[in-house]
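Student: Questions regarding the structure given below will be posed in turn.
The values are calculated or read from the model by the stated rules, or taken from the named source; none is laboratory data. Values in this document were obtained by computation on a predicted structure and should not be read as measured data. Neighbour counts run over all protein chains shown; Cβ positions are idealised from the backbone, glycine included. Ligands, DNA and RNA are excluded from the accessible area calculation, which covers all protein heavy atoms including side chains. Shrake-Rupley method; radii C 1.70, N 1.55, O 1.52, S 1.80 Å.
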Amino acid sequence: MICYQPVSFKLKQLLLNIRINVVTQGEVLAHCIDFLSSGVTNIIFFLNAHCINIAQQNPEYFRAIDQADLLLNDGIGVRIASWFSGISFPDNLNGTDLIPHILELAAREGSSVFFLGGAEGVAVNAASRAGKQIPGLLIAGAHNGFFQPEDFGNLVQQINHSNAEVLVLGMGVPKQELWTMENKHLFPKVRIIIAGGAILDFISGKVKRAPLWMRKINAEWLYRLMLEPGRMGNRYLMGGFRFFYYLLKHSFGKSRRRAE
């Protein structure tokens, strides 16, 4: 049973050069209740080590995540960075675990959900499985993430006509964040847009999650590397070197500025 804690307003804190929310899972869910009745579109993004790397190289993506209503810590890399930044995250808020709780909340609030992303059939399968696993979840619709530009207008109409209040994206980083900031104004009825990366692959069963013991020790990245060494090798191995370079660069720069 998830406790929806009262929300206390908290400014974002600086993680390296990125502003991030430092909140509990309960506070995130309480924010989501407020979002659903806010009358505006609210954005939830996640930040992991791979995202930090991209943010250092892609100014447009950096600006996109900086504008999120909630930017949440995801994984061991961000926890390591927090040690250098003087931040203490109360919970690991990875999207794969958190988004199902947000869907449960949506079901309790009577808010319908639209799934957008993944390969052909993935979003439909994710919607079907989520509808069976979460009692009362209202599925507004589903669509794959490989639509053509000429089909975009029809997709916007489909989402708006569905009256979806929660839009779950599974397009990958940085595409999903850039897409969100470019198009959020087109969805006046949507109250929450969540960019969840591979979330639709996980919910649909296309990609298996790591065993629970690996998740508990923050080693799910290793499991994904073993499953998809070709695709994940550069992200986790070479990306790891880039991440520690940026970590040391910003930590050293911060120390030098203090000394001055």
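Student: For the range 178-202, what are the residues that are open to solvent by 20 Å² or more (accessible area, probe 1.4 Å), in contact with a helix residue (DSSP H, G or I) (Cβ under 8 Å, 6 or more places away or on another chain) and hydrophobic (A, V, I, L, M, F, W, C)?
Tutor: Leu178, Met181, Leu186, Ala198, Phe202 - these are the residues of the range 178-202 that are open to solvent by 20 Å² or more (accessible area, probe 1.4 Å), in contact with a helix residue (DSSP H, G or I) (Cβ under 8 Å, 6 or more places away or on another chain) and hydrophobic (A, V, I, L, M, F, W, C).
Student: Being among the aliphatic types (A, V, I, L, M), open to solvent by less than 20 Å² (accessible area, probe 1.4 Å) and either without any contact (Cβ under 8 Å) to a residue 24 or more places away in the chain or assigned to a loop (DSSP other than H, G, I, E, B) (or both) is the filter here; which residues of the range 110-133 pass it? So that I can check it myself, show each step before the final result.
Tutor: Of the residues in the range 110-133, the ones among the aliphatic types (A, V, I, L, M) are 113, 116, 119, 122-124, 126-127, 130.
Narrowing further to those that are open to solvent by less than 20 Å² (accessible area, probe 1.4 Å): 113, 116, 122-123, 126-127, 130.
Selection gives Ala127 alone.
Student: Shifting gears a bit: Taking the stated definitions as given, is Ile54 hydrophobic (A, V, I, L, M, F, W, C) and at pLDDT below 95?
Tutor: no
Student: Same structure, new question: Answer yes or no as to whether Phe146 is without any contact (Cβ under 8 Å) to a residue 40 or more places away in the chain, over 19 Å from Asp201 (Cβ atoms) and surrounded by fewer than 18 Cβ atoms within 10 Å (Cβ to Cβ).
Tutor: no
Student: Only one of (1) surrounded by 14 or more Cβ atoms within 10 Å (Cβ to Cβ); (2) β-branched (Val, Ile, Thr); (3) over 24 Å from Ala127 (Cβ atoms) is not met by Ile217, so which one is it?
Tutor: (1)
Student: Now, a different point. Could you check the range 69-107 and list, in sequence order, the residues that are among the hydroxyl-bearing types (Ser, Thr, Tyr) and either over 14 Å from the mean Cα position of the chain (by Cα) or crowded, with 21+ Cβ neighbours inside 10 Å (or both)? Show your work before the answer.
Tutor: First pass over the range 69-107, keeping only residues among the hydroxyl-bearing types (Ser, Thr, Tyr): 82, 85, 88, 96.
Ser82, Ser85, Ser88 - these are the residues of the range 69-107 that are among the hydroxyl-bearing types (Ser, Thr, Tyr) and either over 14 Å from the mean Cα position of the chain (by Cα) or crowded, with 21+ Cβ neighbours inside 10 Å (or both).
Student: A further question on this structure: Here are Arg209, Arg224, Arg231: which of them is basic (Lys, Arg), part of a helix (DSSP H, G or I) and either touching a residue at least 24 places away in the same chain (Cβ under 8 Å) or surrounded by 14 or more Cβ atoms within 10 Å (Cβ to Cβ) (or both)?
Tutor: When all the criteria are applied, what remains is Arg224.
Student: Scan the range 162-206 residue by residue and report those that are small (Gly, Ala, Ser) and assigned to a helix (DSSP H, G or I).
Tutor: Ser204
Residues checked against (1) under 13 Å from the mean Cα position of the chain (by Cα); (2) more than 21 Å from Ile80 (Cβ to Cβ):
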| residue | (1), (2) |
| --- | --- |
| Ala30 | no, yes |
| Ile33 | no, yes |
| Ser37 | no, yes |
| Asn48 | yes, no |
| Cys51 | yes, no |
| Asn58 | no, yes |
| Ala64 | yes, yes |
| Gln67 | no, yes |
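Student: Mind counting the residues in the range 160-177 that are farther than 19 Å from Gly205 by Cα, open to solvent by less than 30 Å² (accessible area, probe 1.4 Å) and in contact (Cβ under 8 Å) with a residue 60 or more places away in the chain?
Tutor: Selection size over the range 160-177: 2.
Student: While we're looking at this one, here's another question. Looking only at the range 150-159, decide whether some residue is open to solvent by 50 Å² or more (accessible area, probe 1.4 Å), modelled with pLDDT under 95 and out of contact with any Pro (no Cβ under 9 Å at 6 or more places or on another chain).
Tutor: Within the range 150-159, one or more residues are open to solvent by 50 Å² or more (accessible area, probe 1.4 Å), modelled with pLDDT under 95 and out of contact with any Pro (no Cβ under 9 Å at 6 or more places or on another chain).
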